[in-house]
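**Student:** Please see the structure below; I have some questions.
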């Protein structure tokens, strides 16, 4: 969404119990990587279940600009890749819109190519920190020819004539930084090593091995992961079925927990252990969530989730869980607003560098809707009101953040008074079907 677009407010209000069976769109992380690795691999990659949100499609356009052929045929995406090491220099800047994952991973991918690549994005993405990715790229020999203040977009990279492999210890829990370094290593001779003190989502490692990369992961006695990638290897196209996105499933899931009488099933949800922090937390709070039909789909664990209205209780969420649910804190805060007692979320400073300062945006949205909460630099404390009595009635500033918009529309479905968000337009970046899917369950959002 461009900053000049007219805002499109939306209001959610309490109504009937939610009921029915739905499927959420494909996982965003896996969708980005499917187009990226397919565009880089030799031969053909066929993808079903791809998330067709704006963020993912921007990644596809970037890969096309560098030589990949990507077409949609029916419900399948067919990618003809360039082959590892054979990307072409893009003739125009790569415009990633609001896509933080796509832009950071692509910086890693092109950072070791002897060519210039310019990255641009919308107002929100241009405020997000890129230094965390550019610092390791500098160690490979990448030059940042230009950038906005603070290593932000718009920026232009120039790769070295021949990159040198590095060993890089990731200073924060970030799957994007880890992935960017590994992708830079694909076009670098020798062995690139990422040292990861705190494990984050591991889709990059799994998928690179699936495409044929020579990669090994060793966890030492202290729990630190050492990921080693042999560069300049061959990647070969493959068939990918993208499972449902747990971050998208979080919204109907929490809605069913807080709307009295609700009973829904969400099919085909990714339950990779690095992505289930929200489910683990909600179960601790007393949520009725059943994992049915657990199965393996292309190397990833998936299941159907049956979710029923539950009386929730406040808990303390430890910092160690943050990497496994970082995108779900806004909707967890909404669930906590209806729980008995206090819910404390610790170690969540990473929320401050998302599409918005997501920690402040969440706290402000809670307060304007009558929720008692305390925001610190690295924590959020929420005191719930079981039944939602006295909650709602506010207008939430979304700050162009899709997860803030969806989280507070979920709140409105159970609060005593309606909840309005100032703009729904950016929801399309990650979950274009959100409004229709929620309506199919009986939600009243207009």
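Read-outs throughout are calculated quantities, based only on the coordinates presented, and are distinct from any laboratory measurement. Please read these numbers as outputs of a predicted model, since none were measured by experiment. Reconstructed Cβ throughout: ideal geometry from the backbone, glycine too, with neighbour counts over all protein chains shown.
**Student:** Could you give me the radius of gyration and the Dmax of region 175-224, taking only the C-alpha atoms into account and expressing both in angstrom?
**Tutor:** 10.9, 31
**Student:** Based on the mean of other Cβ atoms within 10 Å per residue, sort peptides 288-298, 262-272, 149-159 so the most packed one is first.
**Tutor:** 262-272, 149-159, 288-298
**Student:** Stretched out fully, how many nm does the piece from residue 395 to residue 291 gain, at 0.36 nm a residue minus the Cα gap? Numbers along the way, then the final one.
**Tutor:** Numbers: separation 104, 0.36 × 104 = 37.44 nm, distance 3.50 nm.
Length gained, residue 395 through residue 291: 33.9 nm.
**Student:** Compute the angle between helix 131-140 and the longest alpha-carbon principal axis of the chain, please, reported from 0 to 90 degrees and rounded to the nearest 10.
**Tutor:** In the chain, helix 131-140 runs at an angle near 20 degrees to the longest axis.
**Student:** Looking at region 53-202, I'd like the Rg to Rh ratio, where Rg is from alpha-carbon atoms and Rh is Kirkwood's inverse mean 1/r. Can you show the working numbers first?
**Tutor:** Values: Rg = 14.8 Å, Rh = 15.6 Å.
Using Cα coordinates only, the ratio equals 0.95.
**Student:** How far apart, in nanometres, would the label points at residue 236 and residue 139 be if each is projected 7 angstrom from Cα along the Cα-to-Cβ direction?
**Tutor:** Spacing of the two 7 Å Cα→Cβ label points: 3.2 nm.
**Student:** Each label point is 7 Å from the Cα along the Cα-to-Cβ direction; what then is the distance between the points at residue 224 and residue 444, in nm?
**Tutor:** The two pseudo-label positions are separated by 5.7 nm.
**Student:** What ratio of Cα Rg to 2.2 N^0.38 Å holds for region 6-127?
**Tutor:** For region 6-127, the normalised Cα radius of gyration is 1.25.
**Student:** Please give, to one decimal in nm, the separation of the simple spin-label points placed at residue 340 and residue 169, each 7 Å out from Cα toward the Cβ.
**Tutor:** About 4.6 nm separates the two model spin labels.
**Student:** Round to the nearest 10 and give me the degree value, 0 to 90, for the angle of helix 28-40's Cα axis relative to the longest principal axis of the chain.
**Tutor:** Rounded to the nearest ten degrees, it is 20.
**Student:** Also, I was wondering about something else. Which value, in Å³ per residue, describes the convex hull spanned by the Cα atoms of region 305-402?
**Tutor:** Dividing the Cα hull volume of region 305-402 by its residue count gives 103 Å³.
**Student:** Using only the alpha carbons of region 302-362, what is the convex hull's orientation-averaged projected area in square nanometres? Mind dumping the intermediate values first?
**Tutor:** Working: hull surface 20.5 nm².
Approximately 5.1 nm², given one-decimal rounding.
**Student:** In terms of the ratio Rg/(2.2 N^0.38 Å) built on C-alpha atoms, what value belongs to region 137-189?
**Tutor:** Values: Rg = 11.8 Å, N = 53, 2.2 N^0.38 = 9.9 Å.
Computed over Cα atoms of region 137-189, the ratio equals 1.18.
**Student:** Relative contact order, percent, of region 28-241 when contacts are C-alpha pairs under 8 Å separated by at least 6 residues? Present the calculation step by step, with values, prior to reporting the outcome.
**Tutor:** On the way: 511 pairs, mean separation 45.7, N = 214.
The value is 21 percent.
**Student:** Something else: Relative contact order for the chain: what percent, with Cα pairs under 8 Å and sequence separation of 6 or more? It would help to have the intermediate numbers written out before the result.
**Tutor:** On the way: 1155 pairs, mean separation 85.9, N = 446.
Result for the chain is 19 percent.
**Student:** Limiting things to C-alpha atoms, what are the Rg and the maximum Cα-Cα separation (Dmax) for the chain, in angstroms?
**Tutor:** Rg, Dmax (Cα atoms, Å): 21.3, 64.
**Student:** Once the Cβ-Cβ distance between residue 377 and residue 149 is put in as r, and R0 is 25 Å, what FRET efficiency do you end up with, to the nearest 0.05?
**Tutor:** Working: r = 23 Å, r/R0 = 0.90.
It comes to 0.65.
**Student:** Same structure again: Determine the distance separating the Cα centre of region 29-88 from the Cα centre of region 314-350; give it in Å without decimals.
**Tutor:** 34
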